[in-house]
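Notes for the one structure printed next.
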Ligand code: GAR
């Protein structure tokens with residue numbers, strides 16, 4: 001039997017993609033357990049979603065720290081204590097300090113709403129429309145020290161429709177993400193060992 005992946009989820013907002021990860025676990029499409037859901041934002045709806053599923057939550061409120069380094073130190077200590085197989089960024093809107101990334105090589109994943117390497121950073125849907133692109137989508141990648149620049153694991157594409165707006169693209173991309181992220185996580189599960 002494959003090992004159950006031990007995950008920690010980091011999120012800042014609504015958490016709809018995270019909810020899809022929970023659904024995949026509950027439907028046994030993803031063999032994983034969520035050790036902790038951490039948010040930098042005490043008002044993130046994703047925390048409510050976690051609590052509704054009886055998952056452990058922790059707020060590391062960036063605004064309560066005197067500077068960014070203190071916040072990052074607290075986050076790093078928490079992550080090291082939890083020692084997950086993978087840290088899953090799911091709408092986490094902060095850049096992790098280099099030493100956190102170095103502490104978890106190829107163990108931090110991010111989902112980004114664009115076909116990387118195009119459109120790293122914010123406002124991807126607006127930028128895709130402004131450029132007149134025909135295709136858009138989402139990318140799951142390992143996090144490295146650059147901005148949305150780590151090794152790509154998988155992507156899903158959609159064709160932009162003439163009537164699309166930034167809002168409609170955001171929703172359509174999220175529908176892809178809800179399928180892609182659980183699938184990628186399951187694909188990271190270790191192969192069965194010979195006994
Ligand atoms: C997702 O579309 C994800 O790709 C994006 O935030 C959204 C989170 O949605 N992530 C980033 O922009 C990371 N820079 P959710 O809060 O509804 O899960």
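Take the alpha carbon gyration tensor of segment 95-195, find the square roots of its eigenvalues, order them as a ≥ b ≥ c, and report rounded if a/c is under 1.5; if not, report prolate when a/b exceeds b/c, else oblate. It comes out oblate by the Cα gyration axes. Of the beta bridges in the chain, as assigned by DSSP with both residues counted there, near 40 percent are antiparallel.
Note on residue 43/residue 145: beta-carbon distance plugged into 1/(1 + (r/R0)^6) with R0 of 25 Å gives a FRET efficiency of 0.30.
For segment 1-71, the square roots a ≥ b ≥ c of the C-alpha gyration tensor eigenvalues yield an a/c of 1.5 or more together with a/b exceeding b/c, which makes the shape prolate. Counting every pair of alpha carbons in the chain, the share spaced more than 21 Å apart comes to 52 percent. With Cα atoms defining each centre, segment 114-139 and segment 172-189 are spaced 18 Å apart in the structure. Spin-label model, residue 33/residue 78: points 7 Å from Cα along the beta carbon direction are separated by 2.0 nm. Within segment 77-192, DSSP assigns beta bridges of which about 80% are antiparallel (rounded to the nearest 5).
Per residue, the chain reaches -11000 deg cm²/dmol at 222 nm when only DSSP H runs of four or more residues are counted, each adding -39500 (n - 2.57).
Read the figures in this text as sums done on the coordinates, not as results from a lab. Since we're looking at a predicted model, the values are computed, not measured. Here Cβ is always computed from backbone atoms with ideal geometry, including for glycine, and neighbour counts include all displayed protein chains.
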